[in-house]
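Structure first, then comments.
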Amino acid sequence: MNTPVSEERSATATEKVVDPDAGINVKPSQRRHHTPVELTPQANAKTVGTATVDDPIMSARDVDVFYGDKHAIKKVTLDIGRNQVIAMIGPSGCGKSTFLRCLNRMNDTVEGARVEGSITLDGADIYEKRQDVVQLRARVGMVFQKPNPFPKSIYENVAYGPRIHGLAADRVELDEIVQTSLQRAGLWEEVKDRLPHPGTGLSGGQQQRLCIARTIAVNPEIILMDEPCSALDPIATARIEDLIDELRASYAICIVTHSMQQAARVSQRTAYFHLGDLIEVGETDRIFTNPRHKLTEDYITGRFG
Ligand code: ADP
């Protein structure tokens with residue numbers, strides 16, 4: 001399990017290919033990225049760096065994802081470590097969000113999406129037929145790009161999950177879960193006097209922390225974050241980044257970010273994706289100071305992206 005599955009591969013890319021989908025990708029924010037045509041790494045080539053960790057909480061092995069004919073993720077092998085943050089970086093459209101969504105089966109809801117390979121959580125296959133997907137998404141929670149509180153009160157936003165999962169025996173216990181979750185999300189002091197007010201009335205940064213509190217409330221083991229700060233101003237972003245650093249004491253965190261500075265600030269490991277391949281993975285400091293693959297180097301030095 002813990003043997004490194006990846007070794008050096010040639011850093012020389014092979015051929016120029018124009019991928020019609022590679023150059024443009026529209027995010028929920030409608031942000032568009034135009035990527036220049038890149039050297040395409042060989043499909044299924046081995047990842048540079050060490051994709052495994054000791055005692056992983058989650059392990060992906062040879063994961064492929066297809067949207068119809070589109071091969072969006074190619075034989076990706078990667079472990080998620082406990083109590084650490086792993087950042088997924090790479091040009092828009094390279095498959096970061098697709099890979100993230102595999103980890104709690106969010107791709108199940110995307111028509112035409114097909115996932116192959118194996119993904120285990122604490123050793124158990126999450127794509128097993130018997131796997132309860134609602135239960136899985138409590139254990140592997142997700143925070144989205146745009147804060148999306150329910151159109152309910154601040155209290156109800158946090159209480160909803162514990163209630164449907166039967167985590168509180170009575171109102172006193174539920175109150176405790178709501179308070180603890182809001183405290184852990186760094187929001188309690190700002191909202192404790194207005195819990196019955198609508199969650200949607202909070203500022204963007206507060207809404208995102210409310211969504212984090214909602215995720216925490218059901219005792220997740222992993223928190224997936226898909227560009228959680230891209231709709232926020234720099235001050236709200238800094239608060240979320242501080243929070244991510246605190247949360248890793250209790251959870252494994254997987255964050256997709258288009259900001260290399262953010263990846264460098266919040267993560268301990270970084271995974272660099274390019275056109276569906278996991279090109280390189282390793283300690284964040286090493287990736288940003290001494291990338292081994294030319295594509296990683298080109299990306300972090302701003303030659304494309
Ligand atoms: P990233 O998060 O790195 O920007 P995505 O995971 O969103 O990349 O997309 C990877 C590739 O899969 C892109 O080529 C994108 O156009 C395609 N893709 C993403 N979602 C869908 C979908 N629902 N249907 C078809 N193609 C998709």
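The values are calculated or read from the model by the stated rules, or taken from the named source; none is laboratory data. What you see is a predicted model, and the numbers here were worked out from it, not measured in a lab. So basically every Cβ, Gly included, is an ideal-geometry build from the backbone, and we count neighbours across all protein chains shown.
All but one of (1) of a type outside the set (A, V, I, L, M, F, W, C); (2) away from the ligand (no atom under 16 Å from the Cβ); (3) touching a residue at least 60 places away in the same chain (Cβ under 8 Å); (4) in a loop (DSSP other than H, G, I, E, B) hold for Glu128; state the number of the condition that does not hold.
(3)
For a quick check of your reading of the model, give me the residue pairs whose first member lies in segment 247-266 and is in contact (Cβ under 8 Å) with a residue 40 or more places away in the chain and within 14 Å of Val281 (Cα to Cα), whose second is among the hydrophobic types (A, V, I, L, M, F, W, C) and part of a loop (DSSP other than H, G, I, E, B), with beta-carbon atoms closer than 8 Å and at least 6 apart or on different chains.
Within 8 Å, the pairs are Cys254/Leu103.
Keeping to segment 76-103, report how many residues are away from the ligand (no atom under 12 Å from the Cβ), assigned to a strand (DSSP E or B) and more than 14 Å from the chain's Cα centre (by Cα).
The qualifying residues number 1.
Taking the stated definitions as given, is Cys211 hydrophobic (A, V, I, L, M, F, W, C), part of a helix (DSSP H, G or I), in contact with a strand residue (DSSP E or B) (Cβ under 8 Å, 6 or more places away or on another chain) and crowded, with 22+ Cβ neighbours inside 10 Å?
yes
Which one is farthest from the ligand (Cβ to nearest atom), of the residues in segment 106-125 that are in contact (Cβ under 8 Å) with a residue 12 or more places away in the chain and of a type in the set (A, V, I, L, M)?
If we take residues in segment 106-125 being in contact (Cβ under 8 Å) with a residue 12 or more places away in the chain and of a type in the set (A, V, I, L, M), then Leu121 is farthest from the ligand (Cβ to nearest atom).
Hey, does segment 163-177 have a residue that's within 24 Å of the chain's Cα centre (by Cα) and not in a loop (DSSP other than H, G, I, E, B)?
At the first step, the residues of segment 163-177 found to be within 24 Å of the chain's Cα centre (by Cα) are 165.
Keeping just the survivors that are not in a loop (DSSP other than H, G, I, E, B) gives none.
No.
Here are the criteria: (1) modelled with pLDDT under 95; (2) surrounded by 21 or more Cβ atoms within 10 Å (Cβ to Cβ). Tell me which single one Ala231 does not satisfy.
All conditions are met except number (2).
Cβ-Cβ below 8 Å, separation at least six or inter-chain, first residue in segment 177-202 and of a type in the set (Ser, Thr, Tyr), second part of a helix (DSSP H, G or I): which pairs?
Ser181/Val158; Ser181/Ala213; Ser181/Arg214; Ser181/Ile216; Thr200/Gln207
So which residues in segment 137-152 are away from the ligand (no atom under 16 Å from the Cβ) and either charged (D, E, K, R) or buried (at least 18 other Cβ atoms within 10 Å of the Cβ) (or both)?
Residues satisfying the conditions are Arg137, Ala138, Arg139, Val140, Gly141, Pro147, Pro149, Lys152.
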